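The block underneath contains the structure these notes are about, expressed in structure tokens.
The values are calculated or read from the model by the stated rules, or taken from the named source; none is laboratory data. Nothing here was measured: the structure is a model prediction, and the numbers come from that model. Cβ atoms come from the backbone with ideal geometry, glycine included; neighbour counts cover every protein chain shown. Please note that ligands, DNA and RNA were not included when accessible areas were found on the heavy atoms of the full protein model with its side chains. Shrake-Rupley method; radii C 1.70, N 1.55, O 1.52, S 1.80 Å.
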Amino acid sequence: MKTMKNPQLRWWQTAVFYQIYPRSFQDSNGDGVGDLEGIISRLPYLAAGGDDSLGVDALWISPFYRSPMRDFGYDISDHCDVDPIFGDLEQFKRLVAEAHRLGLRVVVDLVINHTSDEHPWFIEARQSRDNPKHDWYIWHPGKPRRILGGLGRLSAALPPPLSRLGGRLRRPRRPNNWRSIFEQRSGWWWNDPTQEYYLGTFTRYQPELDWRNPELKEAMWDVVRFWLDLGADGYRIDVINWFIKDDRFRSNPLSLKMDPDMFQKHIYDRNRPETHQLCREMRLLTDSYLHREGQRAEHERVLVGEVFTDDTSIAAAYHGTDDNELHMAFNFDFIYQPWSARRFYRSIVRWYESIPAHAWPNFTLSNHDQRRHFGRYARVDVDPGARARVAAAMLLTLRGTPFLYYGEEIGMENLKVRRTELRDPLGVRMWPLSSYGRDPERTPMQWDCSPNAGFASPRATPWLPVNPNYISKNLARQQRDPDSLWCFYRDLLRLRKARPELSAGEIAFRTGGEQDLLVYERTHPTAPGELEQLSSDRRPSGEQRSGDQPPPQQPDQLQGQPPASDRPKGDQEEDTRVLVLLNFADASRRVPDEVASRAAGGEVLFGTNRKRGLRLTSDGLELAGCEVLIVDVTPRR
């Protein structure tokens, strides 16, 4: 596996991001929909603080822009305003200011592949082919019909129902097989005033923009500047690999793969090479803010792209060739893995090997479009919280930036929503195939056991139903339970901040998922003074080491490095090492001898089954089912 060297890491590389779906986070005014004021009220919970604070570093807030809400914010009618259901621009400014005061960054969604059909641009564009805004969207006159076209013309004299059918037959054929993924039909929609089709590959209400048009591009760069000027720390860019379409409008080849490709190889309606030039231009724009503010790294704006594909090579390419495109691209291959140490290992290594040498990885297990991993990995005969702890430990200790999804820290589950309560257009269209709707992972945050789970006032009707399990599964209850999943997340986040190995160190795998074990070592060069501080902090206050443990043993040779005993003394003083051991099996597993020898003499920093501060023996090592064990294996001087 190639080594990634980043001697000077930037804020977004060591940060832990927390995604907020604003409709479902906190309602402040009793209308049943979460809003910006609600987010502001919960910022102290998210920031590093007291024992009741989670302690993340950055927020990614899903769309809150003005919208008809046919796709709940991803159909935007004004990119430079806040929808009244969420608040207003002044509240957004206050949110950013308060977040920054608490040490939180704020990244917002950038949805610029398409607009709402109620956007003023499209209202103009669809009126006439001569309208100045017409060419800001993607249009096609269609292909001529033959036999059916003749029948359509003959039907003009028939009664209204048949003449309407004939009217559709008189239209030209759609230009190709590009699909609307939320309506599960052709993505081409007829526009009577201009007698042509427009493209909408999400829904008919989301017409797609033509990024080859220079005027459109400049208008969208103004949108990018707008939120950065208001203090946003960057963007999560929606479906960035969809921006450019094939200019010859060729049909995609067919595929046998249903999810996520919908039986097509998307080589013409997505993943076009010209998209990379747009990424470079956007990167230049955001980097200009760094130059404007005195080249201070803490002012860097970050670009995180949703490259919607499970092909790691495509996603990796969006980092550019010389750190000149996205800062990070989401890795969907990782999200789609089943519960298997070997499968996760292969996915992680595949991602590390695919991204360019300058690039920085990231990992996430859930988001607003994917089922919550707590439910995906749960088994009825096993404590689901046990697997959730293993997943959290992996996510927060791998080399790369982790992204959490709201409610993940308390183990929120996917709710089976009744048909009458479905809101997601994909879920409505695909009912009763509920696995394709997105409402189950978007239910309101479960803050406490009061009516509506503390998300909204008791008299409010939440926009989606609250999961009935909120009575027993909620934040307030878990904050009072030191053995809860929430306390596990909080304490692990604190450890990640305290130990630079976990946020910034190199990584070397010690197992490849064999016997359901994933083991890796994180190493970080630490100055002698810092090393002494880490040594003094190893034992949490109030805890005692177990007695009569054998003296520490030297770890085996690291990949590509001489044994510690053969290195200069200064190097020994500067290397700190943390070993992460994760058992994906529901039953106990014996750790391979070579790994156990590395852990022997090490001190437990964190875990599910062993006391912190415990010094491990050299008598072999066995992990209990779903055990998490994080050990300081730094050679003692």
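For region 237-265, residues that are assigned to a loop (DSSP other than H, G, I, E, B) and open to solvent by less than 20 Å² (accessible area, probe 1.4 Å) total 8.
Filter region 181-214 down to residues that are polar (S, T, N, Q), surrounded by fewer than 22 Cβ atoms within 10 Å (Cβ to Cβ) and in contact (Cβ under 8 Å) with a residue 24 or more places away in the chain, then give me how many there are. Spell out the reasoning first.
Restricting attention to region 181-214, the residues satisfying the condition of being polar (S, T, N, Q) are 184, 186, 191, 194-195, 201, 203, 206, 213.
Now drop any that are not surrounded by fewer than 22 Cβ atoms within 10 Å (Cβ to Cβ), which leaves 184, 186, 191, 194-195, 213.
Still in the running and in contact (Cβ under 8 Å) with a residue 24 or more places away in the chain: 184, 191, 194-195, 213.
Final tally of qualifying residues: 5.
The set of residues in region 288-303 that are open to solvent by less than 30 Å² (accessible area, probe 1.4 Å) and either touching a residue at least 12 places away in the same chain (Cβ under 8 Å) or charged (D, E, K, R) (or both) comprises Y289, E300, R301, V302, L303.
Of everything in region 304-327 that is under 19 Å from W11 (Cα atoms) and surrounded by fewer than 18 Cβ atoms within 10 Å (Cβ to Cβ), the residue that is modelled with the lowest pLDDT is D323.
Tell me, yes or no, whether region 503-522 has at least one residue that is modelled with pLDDT of 65 or more and touching a Gly at 6+ places or on another chain (Cβ under 6 Å). Yes, the conditions are met somewhere in region 503-522.
Those helices (runs of 4 or more DSSP H) of region 350-465 in which at least 2 residues are touching a strand residue (DSSP E or B) at 6+ places or on another chain (Cβ under 8 Å), considering only elements entirely within it, cover 384-397. Among residues of region 41-57 that are farther than 18 Å from P482 by Cβ, those with a Cβ under 8 angstrom from a residue that is of a type in the set (F, W, Y) and open to solvent by less than 20 Å² (accessible area, probe 1.4 Å), sequence gap 6+ or separate chain, pair up as R42/F25; L46/Y18; V56/F17; V56/Y18; D57/F17. Looking across region 483-515, the residues that are in contact with a Lys or Arg (Cβ under 6 Å, 6 or more places away or on another chain), open to solvent by 10 Å² or more (accessible area, probe 1.4 Å) and not β-branched (V, I, T) come down to F488, S503, Q515.
Residues of region 27-49 that are over 15 Å from F92 (Cβ atoms) and part of a loop (DSSP other than H, G, I, E, B): D27, N29, G30, D31, G32, V33, A47, A48, G49.
Return the residues of region 451-478 that are of a type outside the set (S, T, Y) and open to solvent by 50 Å² or more (accessible area, probe 1.4 Å); say none if nothing qualifies. Correct list: P451, P458, R459, P468, I471, R477. When residues in region 225-269 are screened for being closer than 26 Å to L433 by Cα, under 21 Å from the mean Cα position of the chain (by Cα) and of a type in the set (K, R), 0 of them pass. Taken as a whole, region 589-609 holds no residue that is closer than 25 Å to A498 by Cβ, open to solvent by 20 Å² or more (accessible area, probe 1.4 Å) and more than 30 Å from the chain's Cα centre (by Cα).
Restricting attention to region 426-437, which residues are surrounded by fewer than 20 Cβ atoms within 10 Å (Cβ to Cβ) and of a type in the set (G, A, S)?
At the first step, the residues of region 426-437 found to be surrounded by fewer than 20 Cβ atoms within 10 Å (Cβ to Cβ) are 428-436.
Result: S434, S435.
In region 36-44, the count of residues that are open to solvent by less than 10 Å² (accessible area, probe 1.4 Å) and either under 30 Å from A357 (Cβ atoms) or among the charged types (D, E, K, R) (or both) is zero.
Of the candidates P440, P402, the single residue that is within 21 Å of the chain's Cα centre (by Cα) and open to solvent by less than 10 Å² (accessible area, probe 1.4 Å) is P402.
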